[in-house]
Amino acid sequence: MTTAYLSHHAPWGAYASFVLGTHGHGGGFAVSDVHAPEQSVYVGYRTGQQAVQLLPFLSAPLGLGELAYQANADGVARAAPEVRTVPEQELERRLGWASDEWRHGPLRLRLLSPFGEVPAPGQDDEALRLAVCPVVLAELELDNRHADEPATVLFALEGVTRPLSDTTGGQLLGSASGRLWGVAALPGAGIEEVQDFDVIGAAFGERRPRMRRLGNTGGVMLTVPPGETGRLVLALGTYQGGPVTSGLDTTFLYTRWFSGLEEVLDFGLKHAGHYRQLSDLRDEELRASGLSPERQFLLAHATHGYLANTQLMQRDDGRPLWVVNEGEYRMMNTLDLTIDQLFWELRYHPWTSANVLELFLERYAYTDEVKRGMERWPGGLSFTHDMGVANTFSPPGLSSYETENLSGCFSHMTFEQLTNWTLSAVVYGLLADPAWLEQHGDALEQCLTSLLARDLDHDGVMDVDSARTEGGAEITTYDSLDASLGQARGNLYLAVKTWATLVCLAHALQTLGRDGQAAAAQAARVARSVKAAFDERRGYIPALLEGGSDACIIPAIEGLLYPLLLGLQDTLSEQGPYRDLLLVLRRHLHTALQPGVCLDPQSGGWKLSSTSDNTWMSKIFLCQVVAEEVLGVQPDPRWDAAHVAWQQVGSAAHGPTDQVRSTDGADLGSRLYPRLVTAVLWLPRRQAALLPEPVQEAAR
């Protein structure tokens, strides 16, 4: 298994990460972004007088200045140390759920990015401070027990501007880049700061100054006596103070407790035991989960990417504001990602789901009309695709993505976002916060009115577009695919998702003591329309119910997930009211999972559409859960092996990647993405709940 793939190592809610993993391209800190800066990361060691062993994390080969003879103050030229870059085949790597570990000879490097349950603001300030501190840990161990000479280990980063000892009176050792990011250790035996143009020479060369403040590379080194194992614990932290967003002014919530970078680094080091214990707990939980090694990797890789995109802010009045950014695209709280990340958030911090849903209602909901040709009818409540981009909130009622007069990418997703908000609200409310659902009963009824208004011929399937599209047409979340999944009107995927929305909405309204009959009746119409569209000759339901695409698509089954999560057993029973729908979807999936249909004949991985090689990992994971738990499909280990290869080889240079080419996993878009945490659905779930423990009422 390859070791050369990019991963994030990020604290929760800081929208910042330490990026490392590819060989020859460097890494470093990404702040208010997830792209690797491709700065050199120096992790190296030397035992005795042997060559320096340097892990392959430089952005370019060592330059002449770093290998040439250096002149000391006495004018005597001294040879630079011999350096050997470790080849990939000598490296061992294991990505854990909250860790990433490399081994080479006597060296072990671990990066720890702990996560767990997070209380809502106002519930437990000390637990929240631990959760939001924008720091991860690096641990380096160097085994020098069998040597009779000292050994040295170095961790240094390109792009530093100052030593931390200057501002802390020596209480922290390390280097920082302005006030934005830094690496620090507590003082101890054998620990030294190092900063220079030539950090290799400064750390491993003959006697010379360790510190040149003009140098742009620096960090911490440790000298290990013979016969001992040395251990160096480092805090890798960031700090973004003051207003960070525009359009709606917010600051990071962690600024309540931390006034600057030095406080963050000091806190991280003094609480290193807590963070290590939490990381080990998560790693052991994944190892004991019963998941295959392939699924363990896919969930761990997805988790690292999700955490890197998270952002916990506070408004001027102190109210929290939660954002998950959309990977390389940087859009904020994209609603068709919100619904897929809901499963993760319900497990660890469900109050953030309520926070996003309420912000959509407050600022990004609108009432529109629907259109057919030049005719217009009242539409109803719906929601924008997103809340903005790149730390810039869009004006109320507008997204950064949606544009009129288009029928493909960048058009409006009005109907799909309506289903997304409705499903998210119902699932969150019923599983985590019934009181919240009660408070939003009127909004649920408005959503039902809007759903019904978009089906003019009363067959249950959306058949008119939002007037916001003007001369264009609505699309789905699958914006970059062909018509089999991209077009909203008459789309099979969206039809079954509509059915799920109506079924769950009817259940929620009835639970609240409201009238759910209209939703239930409309769900029955959708089910009849989908069943009637089954093509006996082909053995599946064509992707567009109105014609225009004969593709076979796997996401036809996606909607079955939501009644599964809510424990609506009658809905998913072969003796229940939707027996015929389940039967045709099972037959449909059987046809889809044939080589050359929706199994790629080259890689063996899943294709979402038989007519497109652009396949999306997050949706594959979700549909695998439905296939196995609802439709009785036995998983084939070769599928997961192919999906691992897509991440570790095909898209290795880009970190967690959602859109890949099904033949070889080459990245096609949605790089550095949070949505892949749909893989958390593989973990055991209590009946009718995702949560490992009962949650407290969300703070609002």
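The values are calculated or read from the model by the stated rules, or taken from the named source; none is laboratory data. Because the structure is a prediction, the values reported are computed rather than measured. Every residue, glycine among them, receives a Cβ derived from its backbone with ideal geometry; neighbour counts consider all protein chains shown.
Values computed for the structure shown
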| read-out | value |
| --- | --- |
| Residues (surrounded by fewer than 18 Cβ atoms within 10 Å (Cβ to Cβ), among the hydrophobic types (A, V, I, L, M, F, W, C) and in contact (Cβ under 8 Å) with a residue 40 or more places away in the chain) located in segment 328-385 | 361, 377 |
| Condition met for residue 408 (within 27 Å of residue 481 (Cα to Cα), touching a helix residue (DSSP H, G or I) at 6+ places or on another chain (Cβ under 8 Å) and modelled with pLDDT under 95) | yes |
| Yes/no for residue 152 being surrounded by fewer than 23 Cβ atoms within 10 Å (Cβ to Cβ), assigned to a strand (DSSP E or B) and of a type in the set (Ser, Thr, Tyr) | yes |
| When residues of segment 219-240 are limited to those that are assigned to a loop (DSSP other than H, G, I, E, B) and under 24 Å from the mean Cα position of the chain (by Cα), the one nearest to residue 316 (Cα to Cα) | 240 |
| Residue within segment 281-293 that is in contact with a helix residue (DSSP H, G or I) (Cβ under 6 Å, 6 or more places away or on another chain), farther than 30 Å from residue 363 by Cβ and among the charged types (D, E, K, R) present | no |
| Single residue of 579, 586 found to be surrounded by fewer than 16 Cβ atoms within 10 Å (Cβ to Cβ), farther than 25 Å from residue 3 by Cα, assigned by TED's automatic domain parsing to the domain that holds residue 496 and not acidic (Asp, Glu) | 579 |
| From 224, 199, 194, 233, residue being within 30 Å of residue 148 (Cβ to Cβ) and touching a Phe, Trp or Tyr at 6+ places or on another chain (Cβ under 6 Å) | 199 |
| Complete set of residues in segment 292-344 that are hydrophobic (A, V, I, L, M, F, W, C) and either within 11 Å of the chain's Cα centre (by Cα) or outside the structural domain of residue 356 (by TED's automatic domain parsing) (or both) | 299, 300, 302, 307, 308, 324, 337, 344 |
| Scope segment 528-541; condition within 16 Å of residue 594 (Cα to Cα), surrounded by fewer than 23 Cβ atoms within 10 Å (Cβ to Cβ) and of a type outside the set (Lys, Arg); matching residues | 539 |
| Those residues of segment 192-218 which are among the polar types (S, T, N, Q) and part of a loop (DSSP other than H, G, I, E, B), in sequence order | 216 |
| Pairs with Cβ under 7 Å, 6+ apart, first in segment 436-447 and assigned by TED's automatic domain parsing to the domain that holds residue 506, second at pLDDT below 95 | 436/698 |
| Condition met for residue 49 (in a strand (DSSP E or B), in contact (Cβ under 8 Å) with a residue 12 or more places away in the chain, assigned by TED's automatic domain parsing to the domain that holds residue 215 and farther than 17 Å from residue 5 by Cα) | no |
| Test: residue in segment 243-261 that is in a strand (DSSP E or B), surrounded by 15 or more Cβ atoms within 10 Å (Cβ to Cβ) and not β-branched (Val, Ile, Thr) | yes |
| Test: residue in segment 346-357 that is of a type in the set (Phe, Trp, Tyr), assigned to a helix (DSSP H, G or I) and out of contact with any Phe, Trp or Tyr (no Cβ under 6 Å at 6 or more places or on another chain) | yes |
| Long-range neighbours under 8 Å by Cβ, at least six apart or interchain, first residue in the same structural domain as residue 456 (by TED's automatic domain parsing) and outside any helix (DSSP H, G or I) within segment 510-525, second at pLDDT 95 or above and aliphatic (A, V, I, L, M) | 512/437; 512/444; 514/444; 515/509; 516/505; 516/506; 516/508; 516/509 |
| Candidates 205, 247, 219 - the one that is farther than 18 Å from residue 13 by Cα and modelled with pLDDT under 95 | 205 |
| Top-ranked residue in segment 630-667 [being assigned to a loop (DSSP other than H, G, I, E, B), touching a residue at least 60 places away in the same chain (Cβ under 8 Å) and more than 21 Å from the chain's Cα centre (by Cα); ranked as nearest to residue 37 (Cα to Cα)] | 664 |
| Unique residue being out of contact with any strand residue (DSSP E or B) (no Cβ under 9 Å at 6 or more places or on another chain), under 30 Å from residue 145 (Cα atoms) and not in a strand (DSSP E or B) when the list is 123, 89 | 89 |
